[in-house]
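Step one of this worksheet: look at the structure below.
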Amino acid sequence: MTSAASPSFGDAIAASTVVLDGGLSNQLEAAGHDLSDELWSARLLAQRPEAVVEAHRAYFEAGASVATTASYQATFEGFARHGVDGDEAAGLLALSVELAREAARRAEAKAPGRSLWVAASVGPYGAMLADGSEYRGRYGLSVGELERFHRPRLEVLAAARPDVLALETVPDTDEARALVRAVRGLGVPAWLSYSTAGDRTRAGQPLEEAFALAADVDEIVAVGVNCCAPEDADRAVALAARVTGKPVVVYPNSGERWDAGARAWQGRSTFSARRVAGWRRAGARLIGGCCRVGPDTIAQLAAQLR
């Protein structure tokens, strides 16, 4: 939530480091909400909107300056499979932005003077499929088909006036090309964030090639990675800064591994607030966490950045 005297989102990240939130889903699950169906956290937009506000507020109160909306898995097609018509789906997409704004208002009431922002989450096509393909890409669709899928919800989210569009967990360069085309003319800046494995996208393309797609796109104000291992983020930040010359966004997972067969997280966390100094030195200006990174870790991260 920015006042007339607050800097724009693009100006803010050009001038300083901004703390992002952590995983919305793990915060909702920690509060006792079941997110096991295909709509994931988007189901709560209609059923438990207050729970979404409280999850956002927990991150603001931990020190985050950006709330990422519960629209990652919210699409017209996904809602339609659950009997939600187009008008209602558009209303829920817009509501995701308003709920994050409400959380910002409540946080600002407790700590006046903070600049707080809302990032409207735009997940990949595979998130709508809810079959794990968001971590593989290569859906068999053309760039034009992917652009036609993304543009309608981008228009609705942009009309709700978030501060930035978070084009996140993008698994391949075809989808990145589609998203870069789809955000043109919307009047809202965006960041583009890939899901990676090592030094490549999840679909196997070199990250240097992937980052370069956004280098000359005015609408894209930051480029980077999310929903990856912290170790992969270490390598990606400097590359994104060098290739694009833009501020870098980085928000990896905890480092644990999701076992789809067992439907459980395995291994140990390797996310540490101590990593953020290296990310910032390498060019990161938007730093937070993704899956399994909660308010306690964001509080440590915010303290480290201060």
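The values are calculated or read from the model by the stated rules, or taken from the named source; none is laboratory data. Keep in mind that what you see is a predicted model, and the values were worked out from it rather than measured. Cβ sites come from the backbone with ideal geometry, for glycine too, and all protein chains shown count toward neighbours. Note: accessible area is taken over every heavy atom of the protein model, side chains too, but ligands, DNA and RNA are not part of it. Shrake-Rupley method; radii C 1.70, N 1.55, O 1.52, S 1.80 Å.
Quick check on my filter: what residues within segment 237-277 are at pLDDT 95 or above and assigned to a helix (DSSP H, G or I)? Listed by number, the residues that qualify are Val237, Ala238, Leu239, Ala240, Ala241, Arg242, Val243, Thr244. Hey, among the residues in segment 142-178 that are open to solvent by less than 10 Å² (accessible area, probe 1.4 Å), of a type in the set (A, V, I, L, M, F, W, C) and in contact (Cβ under 8 Å) with a residue 40 or more places away in the chain, which one's nearest to Ala210 (Cα to Cα)? My answer is Val170.
Look through Arg181, Arg138 and report the one residue that is of a type in the set (D, E, K, R), in contact (Cβ under 8 Å) with a residue 12 or more places away in the chain, part of a loop (DSSP other than H, G, I, E, B) and surrounded by fewer than 22 Cβ atoms within 10 Å (Cβ to Cβ). It would help to see each step written out before you state the result.
Details: Arg181 fails: part of a loop (DSSP other than H, G, I, E, B).
Answer to the selection: Arg138.
Of all residues in segment 70-88, those satisfying the criterion of being open to solvent by less than 10 Å² (accessible area, probe 1.4 Å) and out of contact with any Asp or Glu (no Cβ under 9 Å at 6 or more places or on another chain) are Ala70, Ser71, Ala74, Thr75.
Check whether at least one residue in segment 53-74 is closer than 24 Å to Pro252 by Cβ, β-branched (Val, Ile, Thr) and part of a loop (DSSP other than H, G, I, E, B), and report yes or no. Among the residues of segment 53-74, at least one is closer than 24 Å to Pro252 by Cβ, β-branched (Val, Ile, Thr) and part of a loop (DSSP other than H, G, I, E, B), which makes the answer yes.
Can you tell me which residue within segment 198-221, out of those that are under 15 Å from Glu168 (Cβ atoms) and not in a loop (DSSP other than H, G, I, E, B), is most open to solvent (accessible area, probe 1.4 Å)? Looking at the filtered set, the residue picked out is Val221.
Here is the figure for segment 12-42: residues that are open to solvent by 50 Å² or more (accessible area, probe 1.4 Å) and in a helix (DSSP H, G or I) total 5.
What residue, among those in segment 228-246 that are in contact with a helix residue (DSSP H, G or I) (Cβ under 8 Å, 6 or more places away or on another chain) and within 28 Å of Gly267 (Cβ to Cβ), is most open to solvent (accessible area, probe 1.4 Å)? Going through the qualifying residues, I end up with Asp234. Within segment 130-143, can one find any residue that is under 18 Å from the mean Cα position of the chain (by Cα) and hydroxyl-bearing (Ser, Thr, Tyr)? Within segment 130-143 (the criterion being under 18 Å from the mean Cα position of the chain (by Cα) and hydroxyl-bearing (Ser, Thr, Tyr)), the answer is yes, since at least one residue qualifies.
Checked against the criteria, Ala262 does not count as closer than 21 Å to Asp131 by Cα, open to solvent by 20 Å² or more (accessible area, probe 1.4 Å) and in contact (Cβ under 8 Å) with a residue 24 or more places away in the chain.
If the condition is being in contact with a Leu (Cβ under 8 Å, 6 or more places away or on another chain), outside any helix (DSSP H, G or I) and among the small types (Gly, Ala, Ser), then segment 141-178 contributes only Ala160.
Here is a yes/no grid of residues against (1) touching a Phe, Trp or Tyr at 6+ places or on another chain (Cβ under 9 Å); (2) closer than 26 Å to Trp265 by Cα:
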{"residue": "Asp11", "(1), (2)": "no, no"}
{"residue": "Leu20", "(1), (2)": "yes, yes"}
{"residue": "Leu35", "(1), (2)": "no, yes"}
{"residue": "Leu39", "(1), (2)": "yes, yes"}
{"residue": "Arg43", "(1), (2)": "no, yes"}
{"residue": "Pro49", "(1), (2)": "no, no"}
{"residue": "Ala64", "(1), (2)": "no, yes"}
{"residue": "Thr68", "(1), (2)": "yes, yes"}
{"residue": "His82", "(1), (2)": "no, no"}
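Condition check for Ser269 on (1) surrounded by fewer than 17 Cβ atoms within 10 Å (Cβ to Cβ); (2) more than 22 Å from Ala55 (Cβ to Cβ): one failure, at (2).
Which ones in segment 278-302 are under 19 Å from Thr244 (Cα atoms) and either open to solvent by 30 Å² or more (accessible area, probe 1.4 Å) or not in a loop (DSSP other than H, G, I, E, B) (or both)?
Narrowing segment 278-302 to residues under 19 Å from Thr244 (Cα atoms): 278-287.
Of everything in segment 278-302, those that are under 19 Å from Thr244 (Cα atoms) and either open to solvent by 30 Å² or more (accessible area, probe 1.4 Å) or not in a loop (DSSP other than H, G, I, E, B) (or both) turn out to be Gly278, Trp279, Arg280, Arg281, Ala282, Ala284, Arg285, Leu286, Ile287.
Residues that are part of a helix (DSSP H, G or I), out of contact with any strand residue (DSSP E or B) (no Cβ under 8 Å at 6 or more places or on another chain), open to solvent by less than 50 Å² (accessible area, probe 1.4 Å) and without any contact (Cβ under 8 Å) to a residue 24 or more places away in the chain: does segment 106-120 have at least one? So far as segment 106-120 goes, no, none of its residues is part of a helix (DSSP H, G or I), out of contact with any strand residue (DSSP E or B) (no Cβ under 8 Å at 6 or more places or on another chain), open to solvent by less than 50 Å² (accessible area, probe 1.4 Å) and without any contact (Cβ under 8 Å) to a residue 24 or more places away in the chain.
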